[in-house]
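The values are calculated or read from the model by the stated rules, or taken from the named source; none is laboratory data. What you see is a predicted model; the values in this text were computed from it and never measured. Methodologically, a virtual Cβ is constructed for each residue, glycine included, from the backbone with ideal geometry; neighbour enumeration extends over all protein chains shown.
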Amino acid sequence: MSVQEKVGIRKLPTGVPGLDEILGGGLPEFSFNIIAGAPGGGKTTLAHQIMFANATPERPALYFTVLGEPAIKMLRYQQQFQFFDPTKLHTSVRFINLSQVVLDHDLNAVLEEIIKEVEAASPGIVVVDSFRTVVRKAQSGASNSELQGFIQRLALQLTSWQATTFLIGEYDEDEIRDNPVFTVADGLFWLSQQVERNSIVRKLQIKKSRGQASVPGLHTFRITDSGLQTFPRTFGLTGREDKVKGHRRLSCGIPELDEMLGGGIPEGDSLLVAGSSGTGKSLLGTQFIVEGLRQGEPGIVAMFEERPEEYAQRAASFGLDLDTPQKRGKLKLLYIRPLDLSVDETVREIIDAVQEMGAKRLVIDSLAGFEMALAPGFRTDFRESLYRMIGALTRTGVTILSTVEIQEVFTGFTLSSYAISFLSDDILRLRFVSINGQLRKMMVVIKMRRSPHSIDMREFEITTEGLVIGERFTGYRGLITGVPGPWHAEPTEIQEFPDELESNP
């Protein structure tokens with residue numbers, strides 16, 4: 001067969017946000033699929049969501065129930081989801097109970113009943129729930145070869161009638177190797193729930209997909225009022241062209257800082273602002289956003305610690321108005337703090353907001369809060385999570401300012417607690433220094449990937465007008481330790497006092 005003559009496979013929409021991307025564009029039409037996993041994983045809901053998204057009066061969906069939940073009980077719960085369309089019942093969607101046939105007869109009778117209903121309806125979608133029940137009943141009186149023959153005949157019949165089929169079953173992963181149904185299947189959807197400490201995270205994996213490249217790995221999903229929503233682990237990293245970083249410089253709203261940065265933050269860069277608590281990281285982020293609003297650039301603040309109302313009130317204490325631009329749709333304060341958060345959900349929510357608003361500036365406040373909001377499994381791979389999130393966001397062309405809190409030590413000069421400085425284009429370090437009996441604040445630009453920058457260590461203060469940058473520190477050595485001394489003096493070790501004073505003889 002030549003390239004021009006090869007058969008094309010039409011892809012059906014699943015009706016599940018994010019799942020079409022995971023599948024590589026949609027569900028292959030006329031495919032023979034298995035939806036498997038442990039109880040409570042969302043198998044039935046997934047099948048219903050796909051069924052209601054594709055069923056029409058001309059190509060209806062047949063849902064065969066087998067010794068599982070009665071259809072009336074199942075519909076009682078499924079109709080609570082937004083995807084459920086009661087107008088499709090009995091016309092586009094039909095439920096058929098095979099329980100009695102399975103109890104009273106053998107596999108051939110079950111197959112004949114399915115064939116009879118399919119021939120009469122010419123469906124586009126066929127679901128058998130739970131197919132595992134059919135198999136267990138059959139195994140009590142049929143050999144393995146007979147069971148395999150039944151599965152192959154069922155797959156052949158349904159494919160020849162041009163129906164897209166789903167068999168639902170509760171399986172363990174150990175059963176995949178020796179079960180004939182997994183060999184015949186074109187697609188295998190595996191749903192699971194992972195318990196991590198006190199949290200539960202739902203995962204979906206496409207273990208098998210014939211004829212198209214699906215996105216490998218485990219993908220987070222949630223069951224909400226809308227039904228299943230999946231969050232592809234590669235969301236934002238594929239499928240779109242990167243926006244070329246601009247040559248324009250974005251002002252931080254502080255002229256002296258713009259000067260230190262070589263003229264401002266290069267458009268499209270990711271700036272990491274690192275410092276201990278109280279050094280003004282959040283305030284700097286707020287001034288960055290407000291300056292963008294002043295120049296007509298929409299902005300977003302993604303926050304994991306403060307609530308939007310508190311954030312806006314604190315900004316107002318410095319004379320920065322965040323309420324007016326919110327009302328005008330130019331600013332969004334995005335509070336992201338649900339339990340068991342996944343990085344995939346976070347990326348999805350922020351990117352959707354960036355695209356919806358056409359945002360030019362984004363503040364993430366803070367990375368420490370982001371880590372605490374994650375489910376334990378994502379905290380373990382926090383660096384990977386940040387890599388995926390920053391990579392996806394910078395592809396949109398938005399300029400990012402992220403804050404990260406550092407536990408300050410007065411013997412060294414750390415840049416972050418996570419060894420993530422490689423993720424940022426630019427790094428600004430804020431810290432306290434002890435001088436003449438006062439705890440003063442210092443800032444220094446550590447890194448700028450696309451331009452030269454100032455190497456000065458400058459003092460700054462937090463005033464009612466915001467951050468005010470002063471002159472360069474001069475005449476001191478050891479500033480980066482936080483305990484500097486006069487430059488003309490020889491460096492000395494910090495005196496250590498004994499735990500107990502020696503008594504005089």
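Count of the stretch 41-76 residues, restricted to those that are on the phi > 0 side of the Ramachandran plot and touching a strand residue (DSSP E or B) at 6+ places or on another chain (Cβ under 7 Å), is 1. Is it true that some residue in the stretch 242-262 is among the basic types (K, R) and touching a Leu at 6+ places or on another chain (Cβ under 9 Å)? Yes, the stretch 242-262 has at least one match. Among the helices (runs of 4 or more DSSP H) confined to the stretch 20-110, the ones with at least 3 residues that are touching a residue at least 40 places away in the same chain (Cβ under 8 Å) and among the aliphatic types (A, V, I, L, M) are located at 43-54. When each of F64, F30 is tested for being assigned by TED's automatic domain parsing to the domain that holds V101, of a type in the set (F, W, Y), surrounded by fewer than 23 Cβ atoms within 10 Å (Cβ to Cβ) and modelled with pLDDT under 95, the lone residue that passes is F30. The single condition among (1) out of contact with any helix residue (DSSP H, G or I) (no Cβ under 7 Å at 6 or more places or on another chain); (2) surrounded by 21 or more Cβ atoms within 10 Å (Cβ to Cβ); (3) at pLDDT 95 or above that V16 does not meet is (1). Inspect all residues belonging to the stretch 169-180 and state whether any of them is within 30 Å of L341 (Cα to Cα), in contact with a Ser or Thr (Cβ under 6 Å, 6 or more places away or on another chain), modelled with pLDDT of 75 or more and assigned by TED's automatic domain parsing to the domain that holds R222. Looking for residues that are within 30 Å of L341 (Cα to Cα), in contact with a Ser or Thr (Cβ under 6 Å, 6 or more places away or on another chain), modelled with pLDDT of 75 or more and assigned by TED's automatic domain parsing to the domain that holds R222, one finds at least one in the stretch 169-180, hence yes. Applying the criterion of being among the polar types (S, T, N, Q) and modelled with pLDDT of 75 or more to the residues of the stretch 113-152, the residue that is surrounded by the most Cβ atoms within 10 Å (Cβ to Cβ) is S130. Summed over the stretch 337-364, the residues that are within 11 Å of I300 (Cβ to Cβ) and touching a helix residue (DSSP H, G or I) at 6+ places or on another chain (Cβ under 8 Å) give a count of 9. Applying a threshold of 9 Å to beta carbon distances and a minimum spacing of six or more residues, or different chains, the list of pairs starting in the stretch 280-308 at a residue that is at positive phi and outside any strand (DSSP E or B) and ending at one that is aromatic (F, W, Y) and surrounded by fewer than 23 Cβ atoms within 10 Å (Cβ to Cβ) reads G280/F460.
For the stretch 321-371, a tally of residues being under 20 Å from I223 (Cβ atoms) and hydrophobic (A, V, I, L, M, F, W, C) returns 5. Can you spot a residue in the stretch 73-96 that is crowded, with 18+ Cβ neighbours inside 10 Å, within 35 Å of the chain's Cα centre (by Cα), at pLDDT 90 or above and of a type in the set (V, I, T)? Yes: one or more hits. Within the stretch 97-110, the residues that satisfy the criterion of being crowded, with 17+ Cβ neighbours inside 10 Å and touching a Phe, Trp or Tyr at 6+ places or on another chain (Cβ under 9 Å) are L98, L107, V110.
Screening D258, D174, D178 for residues that are among the charged types (D, E, K, R), free of Cβ contacts under 8 Å to residues at least 12 places away in the same chain and farther than 30 Å from S31 by Cα leaves exactly one candidate, D258.
Can you name the residue in the stretch 445-462 that is touching a residue at least 60 places away in the same chain (Cβ under 8 Å), part of a strand (DSSP E or B) and out of contact with any Ser or Thr (no Cβ under 7 Å at 6 or more places or on another chain) and is also surrounded by the fewest Cβ atoms within 10 Å (Cβ to Cβ) among such residues?
So the residue we want is I462.
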